[in-house]
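Working notes for the structure below.
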Amino acid sequence: MASHTVGPRLRRLLAPPLLLLPLLLVLGPWQVAGHGGKYSREQNEPERPPKREPGGEFRMEKLNQLWGKAQRLQLSPVELSELHADLKIQERDEFAWKKLKAEGLDEDGEKEAQLIRNLNVILAKYGLDGRKDARALSSNSLNDGTEQDSLEDPRLEKLWHKAQTSGKFSREELDKLWREFQHHREKVREYNVLLEALSRTEELQENAISPSDMSRGQEEAGLHSRHAELRDRLRGIDQGYDRLRRVSHQGYGAGAEFEEPRVLDLWDLARASNFTEKELEALREELKHFEVKVEKHSHFQKQLEISHQKLKHVERLGDPEHVSRNRERYALLEEKTKELGYKVKKHLQDLSSRISRARHNEL
């Protein structure tokens with residue numbers, strides 16, 4: 001049976017702008033209640049300026065609020081730098097979407113829906129969605145983190161234990177394999193967030209009033225696109241699990257093309273696409289440069305964590321001059337790590353889009 005939905009004009013009257021919905025859920029009713037009442041906060045306090053406060057991290061106030069919440073949650077320095085890069089990408093994409101919307105180029109609302117999905121993934125990834133954070137609490141101690149962090153899947157835990165006890169891996173190879181396991185876990189988390197969002201959307205459409213034929217067609221096209229995205233992600237998860245199982249049992253073979261998990265994923269996808277040999281060779285070279293950038297970013301993340309531990313140590317000692325020098329070094333490392341993180345994620349997004357287009361053109 002065809003899904004029934006409210007017409008687009010009526011939906012706009014009944015609902016707040018879609019891009020605000022994830023933020024409203026995060027900030028809670030105290031941020032949005034009381035509009036227009038005689039004794040509301042809006043009537044009794046000066047109106048807050050629409051642009052960001054001086055020194056704000058982002059141009060969009062809602063992203064500044066998320067950033068502030070993340071800092072109150074005391075995420076680790078590395079998590080904060082990763083979140084900063086994700087929010088910068090989100091901000092760039094939202095401004096680009098606003099320009100498209102002003103030109104009338106997102107009539108079916110699919111690009112807007114994609115932005116909502118991306119923001120939901122960010123909220124869930126960093127525990128900003130108002131739900132109990134299912135992730136294991138991260139430790140700031142100087143270790144590899146492998147004993148502290150849960151893989152959230154018994155199959156992965158078994159594979160990791162087997163790899164640790166097999167004697168087939170050097171210490172460096174175990175670190176490399178652990179990064180692959182963590183990357184796989186993140187892919188599963190993102191898939192689950194998107195699957196839940198799609199299920200909610202379908203349920204709302206099933207319970208909505210009968211729409212026009214045009215709006216029904218647009219919504220069905222949007223759902224088809226989201227189902228295709230989920231199928232692609234699930235296929236990638238299955239391929240990733242097969243790789244982890246193979247490597248955990250056999251160890252790393254000689255002559256592997258790449259080491260970084262994200263680069264390995266991109267290369268596997270590219271080889272399965274309809275690139276010519278010349279295009280594939282050019283992409284291989286670009287991925288090598290990208291991997292160097294990723295490794296540089298990882299190095300700065302480790303240095304940032306070490307600097308954070310050292311700063312906490314000298315703050316306890318109470319030597320003002322020593323504390324000042326370490327704070328300055330930490331601030332410089334933090335800024336550099338944020339900058340590199342944004343560049344890495346921007347480059348990753350570009351590579352993923354190009355490879356994805358090649359795959360879809362083939363299909």
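Here are some notes:
- Output for segment 166-184, where each listed residue is assigned to a helix (DSSP H, G or I) and either in contact with a strand residue (DSSP E or B) (Cβ under 7 Å, 6 or more places away or on another chain) or surrounded by fewer than 18 Cβ atoms within 10 Å (Cβ to Cβ) (or both): Arg171, Glu172, Glu173, Leu174, Asp175, Lys176, Arg179, Gln182, His183
- Segment 228-255, subset outside any helix (DSSP H, G or I) and either over 19 Å from Leu159 (Cα atoms) or open to solvent by 40 Å² or more (accessible area, probe 1.4 Å) (or both), residue modelled with the lowest pLDDT: Gly255
- Filtered residues of segment 182-201 (kept if touching a helix residue (DSSP H, G or I) at 6+ places or on another chain (Cβ under 6 Å) and farther than 23 Å from Leu223 by Cα): His183, His184
- For Val344: the one exception among (1) surrounded by 18 or more Cβ atoms within 10 Å (Cβ to Cβ); (2) modelled with pLDDT under 95; (3) within 21 Å of Phe58 (Cβ to Cβ): (2)
- Residue that is farthest from Glu196 (Cα to Cα) [pool: residues in segment 80-123 that are assigned to a loop (DSSP other than H, G, I, E, B) and open to solvent by 30 Å² or more (accessible area, probe 1.4 Å)]: Glu103
- The residues of segment 67-79 that are open to solvent by 20 Å² or more (accessible area, probe 1.4 Å), closer than 15 Å to Glu57 by Cα and either within 15 Å of the chain's Cα centre (by Cα) or in contact (Cβ under 8 Å) with a residue 24 or more places away in the chain (or both) amount to a single one, Lys69.
- Test set (1) at pLDDT 90 or above; (2) part of a loop (DSSP other than H, G, I, E, B) - Glu53 fails condition number: (1)
- Verdict on Phe258 being within 22 Å of Lys345 (Cβ to Cβ), part of a loop (DSSP other than H, G, I, E, B) and either without any contact (Cβ under 8 Å) to a residue 40 or more places away in the chain or in contact with a helix residue (DSSP H, G or I) (Cβ under 9 Å, 6 or more places away or on another chain) (or both): yes
- Output for segment 144-165, where each listed residue is exposed (fewer than 14 other Cβ atoms within 10 Å of the Cβ) and either at pLDDT 90 or above or assigned to a helix (DSSP H, G or I) (or both): Pro154, Arg155, Glu157, Lys158, His161, Lys162, Thr165
- Test for Gly36: is it of a type outside the set (Val, Ile, Thr), at pLDDT below 90 and open to solvent by 20 Å² or more (accessible area, probe 1.4 Å): yes
- Check on Leu311, more than 16 Å from Arg262 (Cβ to Cβ) and modelled with pLDDT under 95: yes
- Tabulated pairs, segment 305-322, first closer than 19 Å to Lys338 by Cβ, second assigned to a helix (DSSP H, G or I) and open to solvent by 80 Å² or more (accessible area, probe 1.4 Å), C-beta under 7 angstrom, 6+ apart or interchain: Ser307/Arg329; Leu311/Arg327
- Within segment 261-284, the residues that satisfy the criterion of being of a type in the set (A, V, I, L, M) and either in contact with an Asp or Glu (Cβ under 9 Å, 6 or more places away or on another chain) or in contact (Cβ under 8 Å) with a residue 12 or more places away in the chain (or both) are Val263, Leu264, Leu266, Leu269, Ala270, Ala272, Leu283.
- Considering residues of segment 321-353 that are acidic (Asp, Glu) and more than 17 Å from the chain's Cα centre (by Cα) only, the residue nearest to Lys302 (Cα to Cα): Glu334
- Ser273 being buried (at least 17 other Cβ atoms within 10 Å of the Cβ), touching a helix residue (DSSP H, G or I) at 6+ places or on another chain (Cβ under 6 Å) and either at pLDDT below 90 or among the β-branched types (Val, Ile, Thr) (or both): yes
- Qualifying residue in segment 124-143 (condition: part of a helix (DSSP H, G or I), under 17 Å from the mean Cα position of the chain (by Cα) and modelled with pLDDT under 95): yes
- Filtering segment 289-305 to residues that are open to solvent by 30 Å² or more (accessible area, probe 1.4 Å) and of a type in the set (Phe, Trp, Tyr) leaves only Phe300.
The values are calculated or read from the model by the stated rules, or taken from the named source; none is laboratory data. Computed from a predicted model, the values in this text were never measured in an experiment. Positions of Cβ are backbone-derived with ideal geometry, glycine not excepted, and every protein chain shown enters the neighbour counts. The area values use the complete protein model at the heavy-atom level, side chains included, leaving out ligands, DNA and RNA. Shrake-Rupley method; radii C 1.70, N 1.55, O 1.52, S 1.80 Å.
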